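Below: one structure, written as structure tokens.
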Amino acid sequence: QVQLVESGGGLLQAGGSLRLSCAASGRTFTTYTMAWFCQAPGKEREFVSAIRWSSGFKNYGDSVKGRFTISRDNAKNTVYLQMNSLKPEDTAVYYCAAREGRYSSRSSLYNSWGQGTQVTVSS
């Protein structure tokens with residue numbers, strides 16, 4: 001069973017940086033796509049970024065391109081989301097997700113989820 005544990009959320013001012021971590025366990029993830037989604041109160045869950053574990057192929061949502069960077073550490077089985085130039089509209093709960101197979105931005109195609117970590121950006 002896949003387990004995902006996020007950490008690194010917090011409260012910070014606009015323009016700041018934060019790094020989220022997602023520790024993955026329970027599988028060998030070489031055939032998996034790992035992703036980050038976010039959900040603000042009253043809004044749909046939104047795709048942020050994804051990475052193919054084996055190839056390192058990355059993709060980003062339009063609102064975070066050029067500001068956020070996804071990466072993975074194979075030795076630690078951990079996926080990171082480096083968030084720079086944060087804006088108040090980035091405020092949300094950020095979720096790590098995993099699916100076996102190729103990249104997708106559709107949350108419904110991911111069947112493993114972490115508990116989420118809150119990111120709050122003040123103006």
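Listed here are the residues, each with its yes/no results for (1) within 15 Å of residue 5 (Cα to Cα); (2) polar (S, T, N, Q); (3) surrounded by 14 or more Cβ atoms within 10 Å (Cβ to Cβ); (4) under 12 Å from the mean Cα position of the chain (by Cα).
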residue: 34; (1), (2), (3), (4): yes, no, yes, yes
residue: 49; (1), (2), (3), (4): no, yes, yes, yes
residue: 53; (1), (2), (3), (4): no, no, yes, no
residue: 93; (1), (2), (3), (4): yes, no, yes, yes
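Inside segment 1-30, can you point out the residues that are charged (D, E, K, R) and either surrounded by fewer than 14 Cβ atoms within 10 Å (Cβ to Cβ) or closer than 20 Å to residue 83 by Cα (or both)? The answer is 6, 19. Which of the residues belonging to segment 56-90 are assigned to a loop (DSSP other than H, G, I, E, B) and crowded, with 18+ Cβ neighbours inside 10 Å? Of everything in segment 56-90, those that are assigned to a loop (DSSP other than H, G, I, E, B) and crowded, with 18+ Cβ neighbours inside 10 Å turn out to be 64, 86. Taking first residues from segment 70-94 that are over 30 Å from residue 27 (Cβ atoms) and touching a residue at least 12 places away in the same chain (Cβ under 8 Å) and partners that are among the hydrophobic types (A, V, I, L, M, F, W, C) and in a loop (DSSP other than H, G, I, E, B), the Cβ contacts under 6 Å between residues at least 6 apart in sequence or on separate chains come to 87/14; 88/14.
Residues in segment 101-112 that are at negative phi and exposed (fewer than 14 other Cβ atoms within 10 Å of the Cβ): 4 in all.
Cβ-Cβ distances below 6 Å connect no pair with a first residue in segment 11-22 that is without any contact (Cβ under 8 Å) to a residue 40 or more places away in the chain and outside any loop (DSSP other than H, G, I, E, B), a second residue that is open to solvent by 30 Å² or more (accessible area, probe 1.4 Å) and of a type in the set (S, T, N, Q), and a separation of six or more residues or different chains.
Yes or no, residue by residue, for (1) over 14 Å from residue 116 (Cα atoms); (2) not charged (D, E, K, R):
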{"site": "6", "(1), (2)": "no, no"}
{"site": "27", "(1), (2)": "yes, no"}
{"site": "63", "(1), (2)": "yes, yes"}
{"site": "68", "(1), (2)": "yes, yes"}
{"site": "90", "(1), (2)": "yes, no"}
{"site": "97", "(1), (2)": "no, yes"}
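The values are calculated or read from the model by the stated rules, or taken from the named source; none is laboratory data. Being a predicted model, the structure only gives us computed values, none of them experimental. Methodologically, a virtual Cβ is constructed for each residue, glycine included, from the backbone with ideal geometry; neighbour enumeration extends over all protein chains shown. Areas reflect the complete protein model, heavy atoms only, side chains present, ligands, DNA and RNA absent. Shrake-Rupley method; radii C 1.70, N 1.55, O 1.52, S 1.80 Å.
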